[in-house]
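Peer 1: If you scroll down you'll find the structure; I have some questions about it.
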Amino acid sequence: MTKLSVNINKIATLRNARGHNRPDLLQAARDCERFGAQGITVHPRPDERHIRYQDVRDLKPIVTTELNVEGNPTPDFLALVHEVRPEQVTLVPDAPDAITSNAGWDTITHQDYLRGIVADLKQMGARVSIFLDPVPELVRAAATTGTDRIELYTEDYARHYHAGREAALRPYREAAELAQELGLGLNAGHDLDLDNLAYLKQNLPGLQEVSIGHALICDALYLGLENTIQLYRRQLV
């Protein structure tokens, strides 16, 4: 089974627009789980423009599935995850001013750096995933860091899906097959939606989890949050 982890950053963005607590982020997380989410993902950034560090602290005791905390492993981020101890930490090399994550790690150049961080987080008890482009050399280098999983950055797949879905998927399938050979678990995320998700699921061997936020929350504006989560779950059967 491929699990659906719902990224609730956009709910925090809406809340922060008015400076109060509407919508209630914690209640939204509870409801996402009640409606079928199998995990909750958050990506706190240094400027706290959506998820705040305190949100992560507040979410940990109420999330009953799995809490996945994404981010660039700066000292502040690492201190936060050590304090909160989420079930999964996803390492993402985004710049502080990035609107959204836009590239995976260069696991060749940063191999030693990542190896130390992965070891530290695993000793803490977290499962570790490294955000990665679907490049065989990068997958091989990721395996040497000791990471439990990689998360394939699927923006390129989503962008080219309608022009030719088989060609768009090909590098991801190759990366997934290599990950299996190397004993790496496999996650995927970025720009996945109700149009392209089922094909990814059906053709990506070993896919364990997808993390979806922006498209899911946009769909929920029209379809309702409960119905939308169920629709996304059906794509993963």
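The numbers here are math on the coordinates, done by the rules we state, and not lab data. Fair warning: this is a prediction, and the values are worked out from it, not measured in the lab. Neighbour counts run over all protein chains shown; Cβ positions are idealised from the backbone, glycine included.
Peer 1: Dipole of the stretch 144-237, Cα-centred, from +1 at each Lys and Arg C-beta and -1 at each Asp and Glu C-beta, to the nearest 20 debye?
Peer 2: So the dipole magnitude of the stretch 144-237 works out to roughly 200 debye.
Peer 1: Place a +1 charge on the Cβ of each Lys and Arg in the stretch 30-84 and a -1 charge on the Cβ of each Asp and Glu, then give the dipole magnitude about the Cα centre in debye, rounded to the nearest 20.
Peer 2: Here the size comes out at about 100 debye.
Peer 1: For the chain, with a Gaussian network of springs between Cα atoms less than 10 Å apart, report the residue from Asn68, Asn203, Asn187 with the top mean-square fluctuation.
Peer 2: Sorting by GNM fluctuation, first place goes to Asn203.
Peer 1: For the chain, with only Lys/Arg (+1) and Asp/Glu (-1) charged at the beta-carbon, what is the dipole magnitude about the Cα centre, in debye rounded to 20?
Peer 2: 600 debye
Peer 1: For the chain, modelled as a Gaussian network with Cα springs under 10 Å, which listed residue fluctuates most, Ala119, Ala142, Ala167?
Peer 2: Ala167
Peer 1: May I ask you to evaluate 6.51 cos²θ - 1.76 cosθ + 1.60, the Karplus curve with θ = phi - 60°, for each residue of the stretch 159-171 and list the ³J(HN,Hα) values in order in whole Hz, giving x for glycine and proline?
Peer 2: Whole-Hz 3J(HN,Hα) from phi for the stretch 159-171: 5, 9, 4, 6, 7, x, 5, 5, 5, 5, 7, 3, x.
Peer 1: A further question follows. Among Ala163, Leu59, Leu114, pick out the residue whose Cα is farthest towards the positive end of the charge dipole of the chain, where Lys and Arg carry +1 and Asp and Glu carry -1 on C-beta, about the Cα centre.
Peer 2: Positive-most Cα among the choices belongs to Leu59.
Peer 1: To continue, here is another question. If R0 is 35 Å, what FRET efficiency do you get for Glu166 and Ile108 from their C-beta distance, rounded to 0.05?
Peer 2: 0.80
Peer 1: Under a point spin-label approximation (7 Å from Cα along Cα-to-Cβ), what is the Arg22-Arg140 distance to one decimal in nm?
Peer 2: Distance between the two pseudo-spin positions: 5.7 nm.
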